[in-house]
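Down below is the structure, laid out as structure tokens.
Rule-based calculations on the coordinates, nothing more; no lab input. This is a predicted model, so every value here is computed, not measured. Ideal geometry is used to build each Cβ from the backbone, glycine not excepted, and the neighbour counts take in all protein chains shown.
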Amino acid sequence: MITVAAEVSQYTTGTVTTAGFALGLALLAAEHWRWYKTGGGAAAAAGRGAAPAATNSRNPKALIPYWFGITCGILAVACPAGLLGTGTSVLRWGGNGVGGWIMSTMTGQRASTMASAAAPGLNSYGAIVVTALVIALWTLRKNIAKAVKGKWWKGVFTGALLCISTGTAAFIAVQVVGGANGLGEFVLQGAATWSPV
């Protein structure tokens with residue numbers, strides 16, 4: 001049986017409003033709609049106004065930077081005491097503000113705070129994986145194309161806004177953070193017990 005919610009002590013806390021969550025959903029839908037319409041192939045690479053491809057095949061590889069950004073956003077939310085957690089707090093603050101302004105302007109309603117906006121916490125093994133990931137991304141930042149960086153940052157923003165502790169978002173967050181924790185433990189335990197036979 002899959003549990004989609006856990007005790008509060010197992011989660012890091014942060015605040016996401018209904019408007020911030022709606023903004024995250026809108027970004028998720030818009031990115032996938034853009035991919036659906038352009039296919040992520042040659043027409044998407046050529047930019048706006050390019051002739052559509054004859055087959056308009058949808059290349060899922062075009063979504064990799066965006067989904068990698070979502071994963072990084074979820075991992076950053078799981079680091080509340082560090083610089084990554086502070087950064088996602090700023091992203092959530094901005095997303096809540098922009099989403100709240102749009103919601104109040106368009107509907108006349110105020111956004112309410114979602115009851116449990118949180119992510120599972122990283123353990124010491126997961127922290128090693130996140131640290132290695134941050135160092136690798138920082139080292140490679142000059143070699144990554146500008147368009148890929150843009151999709152990645154949009155994914156980080158989306159992941160920070162959608163990472164809450166209920167429903168499907170909780171299931172995905174548990175898998176991402178649990179995967180980082182498990183990977184770190186696997187690598188360190190393997191390094192500790194390895195012997196050249």
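Most tightly packed first, judged by the mean number of other beta-carbon atoms within 10 Å of their residues, the peptides 138-147, 61-70, 23-32, 182-191 read 61-70, 23-32, 182-191, 138-147. In terms of the mean number of neighbouring beta-carbon atoms within 10 Å, the peptides 127-135, 100-108, 172-180 order highest first as 172-180, 127-135, 100-108. Model label points for Trp138 and Lys37, set 7 angstrom from Cα along the Cα-to-Cβ axis, are 3.9 nm apart. Modelled label positions at Ala145 and Arg58, each set 7 Å beyond Cα in the direction of Cβ, lie 2.1 nm from each other. Close amide H pairs (under 5 Å, H built 1.01 Å from N) link Thr17 with Met114, residues at least 5 positions away or on another chain.
What FRET efficiency do you get for Thr168 and Gln109 if R0 is 22 Å and r is their Cβ-Cβ distance, rounded to the nearest 0.05?
Details: r = 24 Å, r/R0 = 1.10.
The pair Thr168/Gln109 has a calculated efficiency of 0.35.
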